[in-house]
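What follows is a set of notes on a single structure, which appears directly below.
Derivation of every value follows stated rules applied to the coordinates shown; laboratory data play no part. Computed from a predicted structure; not experimentally measured. Backbone-built Cβ (ideal geometry, glycine too); neighbour counts: all protein chains shown.
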Amino acid sequence: MRSTYDKIFEGNKKWVSDTLERDPTFFENLSRGQKPPILWIGCSDSRVPANEITGTLPGEIFVHRNIANMVIHTDMSMLSVLDYSVNILEVTDIIVCGHYGCGGVLAAMDNKPLGIVENWLRHIKDVYRLHQRELDEIKNEELRANRLVELNVIEQVYDLTKSSIVQNAWLNKKKLAVHGLVYDVKNGILNDLHATVNDSSELPKYYLVDKK
């Protein structure tokens with residue numbers, strides 16, 4: 001009986017075969033390097049793979065994923081990806097993408113003990129606290145969770161713009177925009193939250209890095 005692990009290799013061989021049938025030079029071209037224009041910060045949820053839902057190919061999006069697509073300023077993994085993307089790959093767009101039905105968001109709305117992940121979820125609880133009045137007025141639990149998903153994405157967009165990495169890019173006149181999207185697992189559609197930030201002029205002054 002084939003294990004799930006074995007099926008991965010079967011799937012890989014089929015993918016390679018199908019890809020080469022469409023484009024015999026695909027892997028040769030891919031091996032020469034990457035210059036993706038987009039950094040995608042998404043959720044680790046297996047239902048939200050960046051390339052598949054955007055119809056892009058390997059090499060077209062640089063991806064970082066974690067529980068509930070969080071931007072936490074003490075997360076060295078995220079900061080390293082962000083710095084590499086902005087300063088080495090020179091991406092022009094950063095996308096924070098959440099999704100409705102996010103397990104991390106749903107868990108943050110509950111008080112069940114979950115172990116070490118509770119420390120991560122507290123950042124989402126902080127988003128709820130910031131928007132508690134609006135959220136508490138939504139009586140339908142699914143709609144309230146959906147709105148928290150949206151608000152969480154918007155807050156992560158602004159957390160990105162507060163980072164020294166993004167602000168220094170703007171100070172150096174680099175073209176860089178930060179966007180917030182939500183993916184609807186029920187229909188496969190990406191929704192623009194219209195939370196795009198194009199430069200530091202849209203931020204409160206106390207977040208700004210002083211010009212040299």
Efficiency by 1/(1 + (r/R0)^6): what FRET value for Arg47 and Lys139, r their Cβ-Cβ distance, R0 = 25 Å, to the nearest 0.05? 0.40
Could you sort 167-174, 180-187 so that the peptide with the highest average Cβ count within 10 Å comes first and the rest follow in order? 180-187, 167-174
Shape of the chain, Cα gyration tensor, a/c cut at 1.5: oblate
Roughly how many nanometres apart are two label points built 7 Å out from the Cα toward the Cβ at Glu10 and Glu118? 4.2 nm
Helix-only [θ] at 222 nm, the chain, -39500 (n - 2.57) per DSSP H run of 4+, per residue, nearest 500, equals -13000 deg cm²/dmol
Placing +1 at every Lys and Arg Cβ and -1 at every Asp and Glu Cβ, with all other atoms neutral, what dipole size does segment 92-196 have around its Cα centre, in debye to the nearest 20? 340 debye
Along the charge dipole of the chain, pointing to its positive end and built from +1/-1 on Cβ of Lys, Arg, Asp and Glu, which listed residue (Pro49, His64, Gly11) has its Cα farthest out? His64
What's the FRET efficiency of Tyr207 with Ser80 using the Cβ-Cβ distance as r and R₀ = 30 Å, to the nearest 0.05? 0.90
Please report the relative contact order for the chain, taking Cα pairs under 8 Å with a sequence separation of at least 6, and give it as a percent rounded to a whole number. 19 percent
